[in-house]
1. ARG86 - would you say it is open to solvent by 60 Å² or more (accessible area, probe 1.4 Å) and either within 27 Å of ALA27 (Cα to Cα) or in a loop (DSSP other than H, G, I, E, B) (or both)?
2. Identify the residue in the range 8-33 that is open to solvent by 50 Å² or more (accessible area, probe 1.4 Å) and part of a helix (DSSP H, G or I) and, among all such residues, is modelled with the highest pLDDT.
3. Would you point out which residue out of ARG53, ARG43, ARG36, ARG59 is at pLDDT 90 or above, charged (D, E, K, R), exposed (fewer than 14 other Cβ atoms within 10 Å of the Cβ) and not in a loop (DSSP other than H, G, I, E, B)?
4. Can you say whether ALA75 is surrounded by 11 or more Cβ atoms within 10 Å (Cβ to Cβ) and touching a helix residue (DSSP H, G or I) at 6+ places or on another chain (Cβ under 7 Å), as far as the supplied structure shows?
5. For a quick check of your reading of the model, give me the residue pairs whose first member lies in the range 59-70 and is over 17 Å from ALA33 (Cα atoms), whose second is not aromatic (Phe, Trp, Tyr), with beta-carbon atoms closer than 7 Å and at least 6 apart or on different chains.
Amino acid sequence: MGARHRNGNRGAVALPLRRRQEDPMQAYDRLPAALRAWIQGARLPWSAQSCHRIWQAARRDGLDPEAALDRLEAAEQRTLQAIRQRQQAPKPGVPRS
């Protein structure tokens with residue numbers, strides 16, 4: 001029950017757990033509609049806070065909403081690649097076959 005209950009809807013993604021300072025649903029509800037729609041189709045369990053941080057940085061850089069979503073997609077791809085590399089890396093102390 002421990003690990004399964006703790007992971008909730010995160011699936012088998014090996015991402016660290018973090019405590020949130022605010023109600024995640026309220027933070028989600030305050031996001032722009034385009035960003036909420038992107039989160040719904042995301043492959044990773046993004047928090048509203050981390051998505052909003054990337055979104056705001058993109059908008060400050062002068063990007064339109066579509067380009068800001070492209071930046072989020074690129075961030076997700078980098079994270080997925082890092083997860084794949086971690087999963088394929090040999091474990092310390094485990095002999096290779």
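The values are calculated or read from the model by the stated rules, or taken from the named source; none is laboratory data. For clarity, every value in this text was computed on a predicted model and none was experimentally measured. Because the Cβ atoms are built from the backbone with ideal geometry, glycine has one as well, and the counts that use them run over all protein chains shown. When the accessible area is computed, the model is the full protein with side chains, heavy atoms only, and any ligands, DNA or RNA have been set aside. Shrake-Rupley method; radii C 1.70, N 1.55, O 1.52, S 1.80 Å.
1. In short, no.
2. Going through the qualifying residues, I end up with ALA33.
3. ARG53
4. The answer is yes for ALA75.
5. none
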